[in-house]
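Remarks on the structure that follows.
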Amino acid sequence: MANGIDPNLINIYGDQRLCCKCKKKADVVEQGRDYCAEHYCQKSTGFTLEQLKQEMEKLRFNKHD
Ligand SMILES: [Zn+2]
């Protein structure tokens, strides 16, 4: 530990982590890889955020019946 900086701690202090897919600011770290909200969504649900929003709206709409 030459300078004592743990890369896992960087996102506690600021916005130093970047999405491994698009290099935008990462919001989520999973299994040591960083993801922005968009790519985390795609990875975990298979939908883009936009598609997910549409799916949720469909579900909400259907629940009114
Ligand atoms: Zn991304």
Next item on the list: Kindly establish whether residue 11 is in a helix (DSSP H, G or I), within 15 Å of the ligand (Cβ to nearest atom) and modelled with pLDDT under 90.
Entry: yes
Item checked: residue 41 loosely packed, with under 15 Cβ neighbours inside 10 Å, at pLDDT 90 or above, within 15 Å of the ligand (Cβ to nearest atom) and hydrophobic (A, V, I, L, M, F, W, C) -> no
Notebook entry, point to check: Among the residues of segment 28-37, how many are surrounded by fewer than 17 Cβ atoms within 10 Å (Cβ to Cβ), within 8 Å of the chain's Cα centre (by Cα) and either without any contact (Cβ under 8 Å) to a residue 12 or more places away in the chain or within 9 Å of the ligand (Cβ to nearest atom) (or both)?
Noted result: 1
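The values are calculated or read from the model by the stated rules, or taken from the named source; none is laboratory data. Because the structure is a prediction, the values reported are computed rather than measured. Glycine gets a Cβ as well: all are built from the backbone with ideal geometry, and neighbour counts include every protein chain shown.
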